[in-house]
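Structure first, then comments.
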Amino acid sequence: MKKIVLIGRSEAGKTTLTQALKGQKIHYHKTQYVNHFDVIVDTPGEYAQTKHLGNALALYTYEADIVGLLVSAIEPYCLFPPCCAAMANREVVGIVTKIHHPMANIRRAEGWLKLAGCRKIFHVDSASHEGVPELFEYLREEGDVMPWERNPTKPT
Ligand SMILES: Nc1nc2c(ncn2[C@@H]2O[C@H](COP(=O)(O)OP(=O)(O)OP(=O)(O)O)[C@@H](O)[C@H]2O)c(=O)[nH]1
Ligand SMILES: [Mg+2]
């Protein structure tokens with residue numbers, strides 16, 4: 001799997017998406033420091049919201065193959081400046097979360113991510129895992145066996 005770093009404001013859904021990608025039970029956990037998992041780097045929203053901590057995020061992008069910018073469909077404004085994706089020397093993808101929230105405005109979130117420079121945009125509801133397999137496929141590398149492809153009768 002390609003390694004992805006998840007960046008976005010607090011409550012954007014980085015940790016929930018991490019849990020969904022890892023096939024874990026979803027439970028609320030406030031991120032207080034950067035968490036490195038084997039293929040996912042989950043960052044605290046405060047890093048994206050604070051100027052001097054924001055610079056540290058640039059360093060974490062160097063540890064990943066892909067940069068994932070998260071915007072939840074209910075965010076009233078966007079933190080990512082126009083064309084900020086051009087600052088990264090990695091591929092930058094957008095991820096819209098909370099797509100089924102009653103207040104969701106998916107087009108608005110998508111527009112902000114496009115303005116930030118994301119060409120590829122995923123739509124996920126991490127709670128129901130909708131859109132998570134598509135992100136999995138995108139991160140897949142040759143030889144990777146996806147969880148749904150495993151033969152349950154064969155020990156791994
Ligand atoms: N229904 C739904 N709820 C979500 C989704 N993503 C996140 N949530 C909920 O939104 C809240 C915040 O999600 P987190 O994943 O903790 O947000 P975060 O971006 O990690 O926040 P920080 O750790 O503060 O940076 C939690 O209550 C989640 O259950 C989603 O795609 N769908
Ligand atoms: Mg978190």
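The values are calculated or read from the model by the stated rules, or taken from the named source; none is laboratory data. Source: prediction; values computed, not measured. Quick reminder, even Gly has a Cβ in these numbers, built from the backbone with ideal geometry, and neighbours come from all protein chains shown.
Output the residue which, of all residues in region 1-29 that are polar (S, T, N, Q) and part of a loop (DSSP other than H, G, I, E, B), is nearest to ligand 1 (Cβ to nearest atom).
It comes out as Ser10.
Please find, within region 53-108, the residue that is nearest to ligand 1 (Cβ to nearest atom) out of those that are over 16 Å from His123 (Cβ atoms) and among the hydroxyl-bearing types (Ser, Thr, Tyr).
Tyr60
Can you find even one residue in region 107-116 that is in a strand (DSSP E or B) and under 22 Å from Gln49 (Cα atoms)?
Scanning region 107-116, I find no residue that is in a strand (DSSP E or B) and under 22 Å from Gln49 (Cα atoms), so the answer is no.
Identify the residue in region 15-37 that is at pLDDT 90 or above and near ligand 2 (Cβ under 10 Å from one of its atoms) and, among all such residues, is surrounded by the most Cβ atoms within 10 Å (Cβ to Cβ).
Restricting to residues being at pLDDT 90 or above and near ligand 2 (Cβ under 10 Å from one of its atoms), the top hit is Leu17.
Taking the stated definitions as given, is Thr50 near ligand 2 (Cβ under 10 Å from one of its atoms), surrounded by 12 or more Cβ atoms within 10 Å (Cβ to Cβ) and β-branched (Val, Ile, Thr)?
Spelling it out, it is not the case that Thr50 is near ligand 2 (Cβ under 10 Å from one of its atoms), surrounded by 12 or more Cβ atoms within 10 Å (Cβ to Cβ) and β-branched (Val, Ile, Thr).
Looking at region 35-52, which of the residues that are touching a strand residue (DSSP E or B) at 6+ places or on another chain (Cβ under 8 Å), outside any loop (DSSP other than H, G, I, E, B) and within 11 Å of ligand 1 (Cβ to nearest atom) is nearest to Ala127 (Cα to Cα)?
Taking the candidates together, the pick is Asp42.
Can you confirm whether Gln32 is over 15 Å from the mean Cα position of the chain (by Cα), free of Cβ contacts under 8 Å to residues at least 12 places away in the same chain and outside any helix (DSSP H, G or I)?
So Gln32 fails the test.
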